[in-house]
Amino acid sequence: MQDFPEGTMAIGRLDARSEGLLFLTTDGMESHKVRSKKVEKEYYVQVDGIPDDAAIDKLKNGVEIGFDGKKYMTLPCAARRLEEAPKLPPRGRKIREERHGPTSWVSVTLTEGKNRQVRKMTAAVGHPTLRLVRVRIADIWLGDMRIGEVREVKHFLEEG
């Protein structure tokens with residue numbers, strides 16, 4: 001188990017069913033910079049079914065989701081279908097049986113991060129999330145990191 005300095009905190013969050021890149025810091029200002037709308041966070045999302053161009057366009061242009069008991073319109077973002085399944089570590093448990101229909105992968109890149117936003121967005125366009133993996137924060141990629149692997153990143157974001 002990795003020992004972290006006192007005061008270490010996660011920047012942003014991943015819900016219990018999500019996977020991927022998570023930054024840890026002891027610097028509150030660094031946390032604030034990463035959570036700002038200036039920093040892109042990219043997710044690979046396995047969804048139920050195969051989204052058509054209209055569904056992808058809705059994701060790009062913003063969809064209405066529920067947040068804090070109110071309706072919220074998501075900001076425009078980047079979204080695209082992935083032509084093939086990304087190379088990710090296998091899950092500990094199966095997503096679902098193939099006999100229940102096709103699944104596909106999309107990439108969604110946000111600069112905001114509401115609670116369970118990506119899951120709510122894909123459901124809003126008719127393709128519920130089956131697996132969600134954060135693969136990038138700014139220009140730092142998950143790449144071939146293994147589950148639980150830790151890498152130090154110094155001076156992640158420069159002012160400017």
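The values are calculated or read from the model by the stated rules, or taken from the named source; none is laboratory data. All figures in this text were calculated on a predicted structure; none of them were measured in a lab. Note that we place each Cβ from the backbone using ideal geometry, even for glycine, and neighbour counts take in every protein chain shown.
Observations, loosely collected:
- The one condition from (1) more than 24 Å from R146 (Cα to Cα); (2) surrounded by 13 or more Cβ atoms within 10 Å (Cβ to Cβ) that K70 does not meet is (2).
- Conditions (1) within 21 Å of D139 (Cβ to Cβ); (2) of a type in the set (K, R); (3) in contact with a strand residue (DSSP E or B) (Cβ under 6 Å, 6 or more places away or on another chain): number failed by K114: (1)
- Yes/no for P86 being within 18 Å of the chain's Cα centre (by Cα) and not in a strand (DSSP E or B): yes
- Taking every residue in the stretch 93-121 that is aromatic (F, W, Y) and pairing it with any residue that is surrounded by fewer than 16 Cβ atoms within 10 Å (Cβ to Cβ), at least 6 positions away or on another chain, the pairs with Cβ-Cβ distances below 7 Å are W105/L82; W105/A85; W105/P86.
- Filtered residues of the stretch 1-37 (kept if hydroxyl-bearing (S, T, Y) and part of a strand (DSSP E or B)): T25
- Residue in the stretch 60-79 that is more than 18 Å from L14 (Cβ to Cβ), modelled with pLDDT of 95 or more, in a helix (DSSP H, G or I) and out of contact with any Phe, Trp or Tyr (no Cβ under 7 Å at 6 or more places or on another chain) present: yes
- Answer residue from the stretch 36-57, given it is surrounded by 17 or more Cβ atoms within 10 Å (Cβ to Cβ) and among the charged types (D, E, K, R) and is farthest from V108 (Cα to Cα) among those: D48
- Single match in R151, R146, R134 (criterion: closer than 28 Å to G28 by Cβ and either under 18 Å from the mean Cα position of the chain (by Cα) or surrounded by 13 or more Cβ atoms within 10 Å (Cβ to Cβ) (or both)): R134
- Across the stretch 17-34, the number of residues qualifying as surrounded by 15 or more Cβ atoms within 10 Å (Cβ to Cβ) and of a type outside the set (G, A, S) comes to 9.
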